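As structure tokens, the structure follows; a few thoughts come after it.
Values in this text are rule-based calculations from the coordinates and carry no lab data. As the structure is a prediction and not an experimental result, all values here were calculated from the model. Note: ideal-geometry Cβ built from the backbone for every residue, glycine included; neighbour counts use all protein chains shown.
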Amino acid sequence: MKKLLIGTALVAVTSAGSAMADAHGTSACLITKTDTNPFFVKMREGAAAKAEELGISLNSYAGQVDGDNEAQVAAIETCIANGASGILITASDTAAIVPSVEQAREAGLLVIALDTPLNPIDAADATFATDNFLAGELIGKWAAATMGDDAATAKIAMLDLAISQPTVGVLRDQGFLTGFGVDVKDVNRWGDEDDARIICNEVTAGNEEGGRTAMENCLAVDPEINVVYTINEPAAAGAYEALAAIGRENDVLIVSVDGGCPGVQNVADGVIGATSQQYPLLMASLGVEAIAQYAEDGTLPANTEGKDFLDTGVSLVTDRPADGVESISVAEGTDRCWG
Amino acid sequence: MTDSQSYEDVVKDKGETQFAQFEDERKGFLGTVQHTLHVNPALVPLIILVTAIALFGMLLGQRFFSAGTLTLILQQVQIVGVLAAAQTLVILTAGIDLSVGALAVLCTVIMGQFTFRYGLPAELSLLIGLCFGALVGAMNGFLVSRVKIPPFITTLGMWQIVLASTYLFSRNETLRSSQLREEAPSLLFLGNKVSIGGANFTFGVILMILIVVALAYALRSTAWGRHVYAVGDDPEAAQLAGVNVHKTLMSVYILTGLICAVAGWVMIGRFSSVSPSASTGVIGNIQSITAVVIGGISLFGGRGSIYGAFFGAMIVGVFEMGLRMAGADPQWTFMLIGMLIIGAVGLDQWIRKVSA
């Protein structure tokens with residue numbers, strides 16, 4: 001038994017001198033939080049299509065559960081060992097992943113954060129993302145404009161993502177409150193506001209089950225809630241169910257962010273009042289293009305003017321446009337939706 | 001030797017030098033294989049491990065079969081490897097510990113926050129973290145051996161308690177690598193590495209191997225180790241034979257808790273950060289049990305070798321790395337590991353049937 005083990009180790013060590021990577025073409029890695037969420041599925045499709053078009057190979061990795069930092073670290077290590085040219089990553093833990101990203105950049109890989117900026121944002125070579133603050137601001141403004149004078153006495157439920165306050169959740173939350181006209185205090189944290197209109201901050205994990213429970217908890221605090229901010233559309237659908245259970249689904253304004261196809265359909269059906277649509281497919285395909293460019297001549301991607309990332313755009317989807325807030329129709333939103 | 005104890009002399013006088021022994025009646029190739037596997041419980045996982053390395057080596061060539069990649073696998077399994085060592089101890093006593101991963105994460109948070117929030121020297125925080133691990137282990141042990149709550153229930157509860165404490169105590173703050181590097185380098189000690197050729201061995205990997213070797217020695221060659229096996233095999237018989245079952249169980253759970261805390265230290269070294277939402281807290285228990293089971297250790301207690309658990313962890317690591325490098329959908333990895341678990345236990349049953 002010992003001999004076998006030593007033998008294996010010996011072979012391993014002796015082969016160490018040889019070249020690390022095989023001679024092969026440009027390759028890129030896509031690392032997402034999970035591979036079950038339609039948002040990431042769409043991202044993968046966008047990346048795969050672009051990679052095929054450009055003739056580079058693409059490997060996709062994902063964590064087993066949301067928040068799985070360990071699996072993402074292992075994936076980055078694999079990409080380095082595999083000799084990839086660049087990595088596109090949607091980080092599960094934006095701060096904890098940084099040492100691994102540094103390692104990849106030291107090894108000469110281009111690292112682009114997709115959708116979720118790292119903490120700090122300049123830990124990656126570039127960030128291709130939705131302006132989540134703007135996404136929140138759009139629905140905040142729309143909700144305030146739609147309510148008119150009642151906005152001053154609104155009762156707001158904030159259905160957030162997770163207690164660990166991932167940046168994406170904080171940006172959307174604080175954007176919404178800013179758009180609605182609430183003083184957000186520290187813009188890097190949700191939950192520290194003292195505006196009496198905010199009834200509750202609950203977390204949803206971004207799914208239906210969590211959305212429903214969170215809404216029920218908020219209604220227990222104050223059954224008169226009339227504006228509901230939700231981190232994403234599945235959470236909004238869950239909140240709607242909780243409201244429907246007490247017969248209040250028609251007199252509460254629900255707003256959300258994402259723009260997934262089921263979500264846009266929910267806007268059409270009146271479940272959600274308005275949603276800010278983002279474009280994951282574009283993030284991924286632009287990311288693959290940037291890696292191909294970098295592999296060819298070392299060019300680094302540039303940021304959108306005035307921002308510290310490349311903004312892939314966001315549109316407000318609603319069939320009840322409000323004055324002073326630019327929006328697209330549900331029909332157009334359906335054409336451009338994902339998932 | 002007194003006269004009353006020299007009952008074997010009769011046989012010796014007759015020239016029969018062999019005393020009570022199991023007869024090996026089985027013949028043929030299969031019988032020999034079964035016997036060999038029964039005597040060396042870590043052999044099956046070792047064969048699978050070597051085969052897997054060879055297969056992926058052929059499939060992926062130098063990218064996989066290089067010292068850099070193979071030692072990278074060791075780095076990737078170091079946390080699960082240490083947790084599996086802890087899990088093995090409990091499973092050998094016919095118990096199970098669902099709190100291992102969560103306890104490791106809580107210990108990382110304690111080590112980190114005592115340094116940064118309370119301003120203690122990092123070395124002292126480290127010590128407090130290790131003691132805390134042992135303390136939680138002692139609580140588990142007391143509940144199992146004195147209060148007689150089944151290990152599964154005890155640790156199911158403790159798992160939730162520890163997870164919740166982690167979130168409450170940490171206030172969900174991630175301590176970042178830059179903070180740790182500047183102010184608490186000793187917490188990152190196990191992340192340092194020695195490089196030989198292209199092979200990189202982090203101190204965490206070396207510590208994992210030392211733990212496995214030390215436990216293997218203790219289990220095989222000390223009275224304590226034999227008591228652990230005896231308690232796992234049949235606690236009543238062990239009691240009648242003069243083994244202090246309570247003390248043995250307590251020592252096993254305390255040691256398990258301590259090793260979990262060490263796993264926490266290894267974790268800080270590997271990720272250079274302290275994250276209360278680390279997924280080890282949620283899936284570390286399942287990962288360690290998977291390694292133990294693939295390693296051929298019987299969940300019914302009293303049988304198996306700690307090397308098996310180490311090989312089990314390595315097998316999972318090799319499959320994950322190999323399939324990732326090949327660009328396979330991660331779900332294939334989980335599917336394969338599922339099949340390995342069932343295969344390993346099936347094989348275990350076959351070996352037991354033969355030896356019964």
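Structural remarks
- Length-normalised contact order for the stretch B:260-331 - Cα pairs under 8 Å, 6+ apart - percent: 20 percent
- Residue order for B:Asp348, A:Asp186, A:Asp195, A:Asp323, fewest other beta carbons within 10 angstrom first, comes to A:Asp323, A:Asp186, A:Asp195, B:Asp348.
- Under 13 Å from A:Lys50, Cα to Cα: aspartates and glutamates that are on another chain or at least 8 residues apart: A:Glu289
- Only DSSP H runs of four or more residues enter the estimate; each adds -39500 (n - 2.57), and after division by the residues of chain A the mean residue ellipticity at 222 nm equals -13000 deg cm²/dmol.
- Cα-based helix-to-principal-axis angle, B:67-92 vs chain B, degrees rounded to 10: 60 degrees
- Sorted by Cβ density within 10 Å, fewest first, the residues A:Asp194, A:Asp311: A:Asp194, A:Asp311
- Highest-first packing order for the peptide set B:195-203, B:339-347, A:199-207 is A:199-207, B:195-203, B:339-347, based on the mean count of other beta carbon atoms within 10 Å.
- All distinct Cα pairs of chain B go into the 1/r average, and the inverse of that average, the Kirkwood radius, is 21.7 Å.
- Taken about its Cα centre, chain B carries a charge dipole of about 820 debye when Lys and Arg each add +1 at the Cβ and Asp and Glu each add -1 at the Cβ.
- With at most 13 other Cβ atoms within 10 Å, longest stretch of chain B clear of loop GluC sites (Glu not before Pro) (DSSP): B:26-356
- Between the alpha-carbon centres of the stretch B:185-199 and the stretch A:158-178 there is a gap of 38 Å.
- Nearest 10 degrees, 0 to 90: helix A:208-221 Cα axis against chain A principal axis: 40 degrees
- Alpha carbon centroid spacing (whole Å) that separates the stretch A:232-280 from the stretch B:44-70: 50 Å
- The alpha-carbon of A:Lys141 sits under 12 angstrom from the alpha-carbons of these aspartates and glutamates, leaving out residues fewer than 8 places away in its chain: A:Asp323, A:Glu326.
- Number of partner chain Cβ atoms within 10 Å, mean per residue of B:265-272: 3
- The protein assembly as shown: C-alpha gyration tensor shape, a/c 1.5 cut-off, then a/b vs b/c: prolate
- Anisotropy class of the stretch A:86-210 from Cα gyration tensor, a/c 1.5 cut: prolate
- Taking each DSSP H run with n ≥ 4 as -39500 (n - 2.57) and averaging over every residue of chain B yields -24000 deg cm²/dmol at 222 nm.
- Of the cross-linked pairs A:Lys155/A:Lys185; A:Lys42/A:Lys155; B:Lys247/B:Lys353; A:Lys42/A:Lys185; A:Lys155/A:Lys307, those separated by over 25 Å at the C-alpha level are A:Lys42/A:Lys155; B:Lys247/B:Lys353; A:Lys42/A:Lys185; A:Lys155/A:Lys307.
- Each of B:Leu46, B:Leu156 was scored by other Cβ atoms within 10 Å of its Cβ. Arranged with the fewest first, they read B:Leu156, B:Leu46.
- Crossing angle, helix B:306-325 versus chain B [Cα axis fit, 0-90 degrees, rounded to tens]: 50 degrees
- About its Cα centre, chain A has a charge dipole of approximately 1000 debye under the convention of +1 per Lys or Arg Cβ and -1 per Asp or Glu Cβ, with nothing else charged.
- Loop-resident trypsin sites (Lys or Arg not before Pro) (DSSP state other than H, G, I, E or B) in the stretch A:148-237 with no more than 14 further Cβ atoms inside 10 Å of their Cβ: A:Arg189.
- Selection of chymotrypsin sites (Phe, Trp or Tyr not before Pro), the stretch B:98-157, meeting DSSP coil and at most 13 other Cβ within 10 Å: B:Tyr118
- Evaluated over the Cα positions of the stretch B:222-333, the convex hull gives a direction-averaged projected area, one quarter of its surface, of 8.8 nm².
- Rounded to the nearest 0.05, the FRET efficiency derived from the C-beta distance between B:Gln160 and A:Asp297 at R0 = 51 Å is 0.40.
- Rounded if a/c under 1.5, otherwise prolate or oblate - the stretch A:259-325, Cα gyration tensor axes: oblate
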